[in-house]
1. Here are A:Arg166, A:Arg143: which of them is buried (at least 16 other Cβ atoms within 10 Å of the Cβ) and outside any strand (DSSP E or B)?
2. Of all residues in the stretch B:151-191, how many are in contact with a Phe, Trp or Tyr (Cβ under 9 Å, 6 or more places away or on another chain), part of a loop (DSSP other than H, G, I, E, B) and either of a type in the set (Asp, Glu) or surrounded by fewer than 13 Cβ atoms within 10 Å (Cβ to Cβ) (or both)?
3. Can you tell me which residue is farthest from the chain's Cα centre (by Cα) among those in the stretch A:146-161 that are of a type in the set (A, V, I, L, M) and either surrounded by fewer than 21 Cβ atoms within 10 Å (Cβ to Cβ) or more than 23 Å from B:Leu234 (Cα to Cα) (or both)?
4. If you check B:Arg68 against the conditions, is it within 14 Å of chain A (Cβ to nearest Cβ), at pLDDT 95 or above and either at negative phi or touching a Ser or Thr at 6+ places or on another chain (Cβ under 7 Å) (or both)?
5. Checking A:Ile66 against (1) surrounded by fewer than 17 Cβ atoms within 10 Å (Cβ to Cβ); (2) within 12 Å of another protein chain (Cβ to nearest Cβ); (3) in contact with a helix residue (DSSP H, G or I) (Cβ under 7 Å, 6 or more places away or on another chain); (4) among the aliphatic types (A, V, I, L, M), which single condition isn't satisfied?
6. Kindly indicate the residue of the stretch A:118-138 that is touching a helix residue (DSSP H, G or I) at 6+ places or on another chain (Cβ under 8 Å) and either more than 11 Å from chain B (Cβ to nearest Cβ) or in a helix (DSSP H, G or I) (or both) and also nearest to A:Leu40 (Cα to Cα) among those meeting that condition.
7. Among A:Ser174, A:Ser100, which is within 11 Å of chain B (Cβ to nearest Cβ) and surrounded by fewer than 19 Cβ atoms within 10 Å (Cβ to Cβ)?
8. If you scan the stretch B:202-238, which residues turn out to be more than 7 Å from chain A (Cβ to nearest Cβ), hydroxyl-bearing (Ser, Thr, Tyr) and free of Cβ contacts under 8 Å to residues at least 40 places away in the same chain?
Amino acid sequence: MKIRKIILIIFFYFLTIGSSFSIEADIFVQSTVNRASKILSENLSKDEKINKLKIIAEETVDIRGIGFYTLGSIRKNLDDNQKKKYSKLFREYFLKSFSSRLSEYTNPEIDVLSKEVLNENYTIVNSLLKGTSERPEVKIDWRVYTKNPENPLIRDLIIEGLSLARTQKEEFASILNSNDNQIDALFKTLEEFSKN
Amino acid sequence: MIKKFLIIIFTTLALTLNVNAGSDGDLILKKNEPAEVKDCFEKINRFTFAFNQTLDGVVFKPIASLYRKLPSPAKTGVSNSLDNISHLITIPNNILQGDFKQAGVNTGRFIINTTVGILGIFDVAEYLGLTNYEKEDYGQSLAKLGVGPGCYIVLPVLGPSTIRDTVASTFNYLGGDPWYNITVGEDTQYFKNSDYYYSKGASGIDFRAKNYDSIENLKKNSLDFYASVKSLYLQDRQQKILNSRKIINTQNDSDWDEISQ
């Protein structure tokens with residue numbers, strides 16, 4: 001009887017521990033947004049802000065996944081070295097582009113409004129970037145990859161219904177199409193962007 | 001040259017025209033899928049895009065920059081007035097799309113805002129519960145009838161469009177736009193031609209000002225700005241045609257899952 005009780009306690013203990021580590025997608029987004037807002041409102045130089053924003057992006061965004069999604073079907077034709085090189089170049093490009101875009105904002109206020117669980121892998125979190133005297137309010141939806149509930153990752157930002165991942169995918173496709181689908185042309189474009 | 005252009009338009013429409021009033025959302029969605037819209041005139045489009053960019057830098061951007069400095073109530077008033085005028089195209093298109101309820105709501109909005117709202121400066125109808133105004137045009141109505149977008153095209157000054165939407169916009173000048181009719185058309189006793197052109201120019205400035213930071217940001221961070229604008233325009237059209245702000249097939253989940261393994 002006593003052993004059974006102990007086993008039950010241990011079972012519930014681990015059950016509680018296990019569930020306490022899973023992070024709800026909406027809380028994850030609000031926390032990420034709060035971290036970014038805090039940095040943007042601090043009295044820091046632009047470079048310092050960019051560096052801190054890059055750290056947040058590395059922790060919360062599935063950069064590798066977005067990179068290969070963006071590449072489209074051509075990724076299936078790449079060898080391991082090309083994949084490795086692409087991942088590196090995309091990471092540099094993404095972090096520079098992401099932090100540069102965000103650093104233009106000062107103290108953006110984003111409220112998480114609701115969430116829609118699409119399936120066990122994806123949840124869409126709906127939020128609103130509050131308007132200012134210079135721009136109207138903007139609806140931002142976050143596609144969060146929740147396969148690992150302990151470590152949710154952002155895979156797309158959908159601004160007023162327009163997907164950034166999809167836009168980037170079509171942008172990369174355009175570069176590849178203009179260069180006979182030569183991946184080296186894309187590598188060169190990514191390198192040039194990161195250098196400038 | 002004009003003859004050739006008309007033949008291309010006619011052929012494209014003939015190829016894409018598949019009038020089917022019973023088209024369901026999936027078929028319309030598929031037809032207007034951005035990745036499926038061909039860029040048949042890419043070289044010319046890129047040239048026109050570059051021209052438009054220059055024009056933007058010289059005319060629209062500087063004016064939009066000044067416009068942004070106006071007090072918020074003034075900007076809201078201008079924006080509301082322009083939206084109010086746009087009801088004149090939206091309402092007939094609500095009817096063409098069989099959305100009679102929305103046509104009624106928008107007619108109510110137009111009457112209230114034009115009178116109580118002083119020529120649309122104040123969106124009184126919004127306060128009275130007539131909310132969620134969505135613009136409609138003849139391009140969207142043709143799409144709802146099952147007409148495919150045809151090729152992507154960049155128009156001088158006006159910017160991105162498709163063959164279908166460009167052809168549809170000519171309906172505005174053939175009696176389909178009451179605002180055009182009472183300004184530039186024949187019945188012009190109360191308004192001048194210039195009122196129409198000022199309103200169109202103001203719409204362009206208002207749009208540019210509202211999206212000022214987004215456009216500059218996109219320009220700065222794009223690897224191919226032309227391709228980004230094309231993608232965003234076509235995604236936006238797809239949404240407007242379906243009257244849905246929901247995320248439309250933004251990503252193929254199986255595509256992602258393969259990456260995740």
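The values are calculated or read from the model by the stated rules, or taken from the named source; none is laboratory data. This is a predicted model, so every value here is computed, not measured. We place every Cβ from the backbone using ideal geometry, glycine too, and count neighbours over all the protein chains shown.
1. Only one candidate passes the filter, namely A:Arg166.
2. Selection size over the stretch B:151-191: 2.
3. The qualifying residue farthest from the chain's Cα centre (by Cα) is A:Ile159.
4. So B:Arg68 fails the test.
5. (1)
6. A:Ser127
7. A:Ser100
8. B:Ser214, the sole residue that qualifies.
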